[in-house]
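The values are calculated or read from the model by the stated rules, or taken from the named source; none is laboratory data. Nothing here was measured: the structure is a model prediction, and the numbers come from that model. Ideal geometry is used to build each Cβ from the backbone, glycine not excepted, and the neighbour counts take in all protein chains shown. These accessible areas exclude ligands, DNA and RNA; they are computed on the full protein's heavy atoms, side chains included. Shrake-Rupley method; radii C 1.70, N 1.55, O 1.52, S 1.80 Å.
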Amino acid sequence: MERPEAGGINSNECENVSRKKKMSEEFEANTMDSLVDMPFATVDIQDDCGITDEPQINLKRSQENEWVKSDQVKKRKKKRKDYQPNYFLSIPITNKEIIKGIKILQNAIIQQDERLAKAMVSDGSFHITLLVMQLLNEDEVNIGIDALLELKPFIEELLQGKHLTLPFQGIGTFGNQVGFVKLAEGDHVNSLLEIAETANRTFQEKGILVGESRSFKPHLTFMKLSKSPWLRKNGVKKIDPDLYEKFISHRFGEEILYRIDLCSMLKKKQSSGYYHCESSIVIGEKNGGEPDDAELVRLSKRLVENAVLKAVQQYLEETQNKNKPGEGSSVKTEAADQNGNDNENNRK
């Protein structure tokens with residue numbers, strides 16, 4: 001039996017290699033035939049999996065992208081960490097029937113526990129919060145005003161000339177720390193949610209840091225224990241459900257959405273008890289176009305401010321005219337002549 005020369009391949013091994021190669025080609029052909037019927041048969045697997053001819057370059061780019069993303073996430077987290085809302089969009093409650101009902105509710109609770117008088121929200125402050133945000137300076141406030149104005153046409157298109165009626169019924173709490181009048185169920189809730197989501201998106205697109213829209217739950221707050229830290233120190237840690245049991249199903253009335261205000265949480269409130277208002281949009285008309293008390297106060301304030309501004313401008317114009325060349329000397333001459341006449345008259 002001949003032994004193969006060094007580095008050579010005998011005939012049996014050659015046949016085995018040929019047979020294996022043929023089997024491999026048949027297997028690959030059969031496999032590809034079966035893949036043709038799959039939905040991803042036409043997809044370039046190399047592109048789809050992100051495989052490139054330069055894995056080192058791709059790895060470097062991937063690391064750079066990860067660093068950029070990580071830096072962006074850190075910045076967002078830092079912004080969110082520093083986020084302290086100081087402005088909000090408010091739907092004011094002006095229906096006297098609702099306000100009267102809430103006052104009766106508050107008095108009923110106070111009669112049972114006088115300490116809770118410190119936790120009650122004043123009737124001039126009743127509102128629904130649509131969105132909270134952070135505005136750090138005058139420029140950001142102006143951006144917020146612009147965003148509010150952009151909401152008006154969207155809301156009017158959504159309502160299509162109809163009023164959005166908001167009925168209030170029943171009582172609820174947040175962790176037994178905040179007491180509120182519930183907004184009754186109905187299609188109006190979906191409309192209000194859509195307005196809130198659009199407001200959230202509009203303000204975010206302008207770069208304003210706002211609260212999460214997912215946490216929006218329309219409600220009318222009438223009391224909150226956080227208004228007085230003194231209460232916790234004196235053992236009042238929760239709102240007892242028995243205190244408002246009689247009002248669980250009470251119907252408080254309906255408010256028609258006709259105005260949305262951009263309000264400050266920190267600036268001094270108006271004399272009516274309502275929040276400092278930077279700007280407003282009016283949706284449709286209410287009561288035939290008759291303004292309510294809060295709106296009259298705001299209009300009166302605006303008229304006074306305009307009158308003061310006009311008086312200041314007039315004063316500045318007169319002052320500038322007196323200081324113009326030539327005019328000042330004539331004034332002095334007239335004054336001197338007047339003094340001379342007065343002296344002559346005194347001699348007589």
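Laid out as a table, the results:
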{"read-out": "At R0 = 30 Å, FRET efficiency that the Cβ-Cβ distance of Asn86 and Ser215 yields, to 0.05", "value": "0.95"}
{"read-out": "Extension reserve of the Gln160-Trp230 stretch, reckoned as 0.36 nm per residue once the Cα distance is removed", "value": "20.4 nm"}
{"read-out": "Alpha-carbon centroids, the range 203-272 and the range 91-142: separation in whole Å", "value": "6 Å"}
{"read-out": "Label zone at Phe174, where the point sits 7 Å out along the Cα-to-Cβ direction: the range 248-288 residues whose backbone N lies under 20 Å", "value": "261-267, 274-276"}
{"read-out": "Kirkwood-based shape ratio for the range 87-287, expressed as Rg/Rh from alpha carbons", "value": "0.97"}
{"read-out": "For Asp139, net neighbour charge (Lys/Arg +1, Asp/Glu -1) across residues whose Cβ lies under 14 Å away", "value": "-3"}
{"read-out": "Of all accessible heavy-atom area on the range 119-166, the percent that carbon and sulfur account for (1.4 Å)", "value": "50 percent"}
{"read-out": "Taking the range 87-287 and dividing mean pair separation by its residue count, relative contact order in percent (alpha carbons under 8 Å, at least six apart)", "value": "35 percent"}
{"read-out": "Potential lengthening between Leu316 and Ser249 on full extension [0.36 nm per residue; Cα-Cα distance subtracted]", "value": "18.0 nm"}
{"read-out": "Cross-link pairs beyond the 23 Å C-alpha cut-off, checked among Lys152/Lys182; Lys103/Lys182; Lys182/Lys206; Lys118/Lys238; Lys100/Lys269", "value": "Lys152/Lys182; Lys182/Lys206"}
{"read-out": "Rule-of-thumb Rg ratio for the range 195-282 [Cα; 2.2 N^0.38 Å; N residues]", "value": "1.43"}
{"read-out": "Rounded to whole Å, sorted largest first: equivalent-ellipsoid semi-axes of the range 172-234, Cα gyration tensor", "value": "28, 18, 7"}
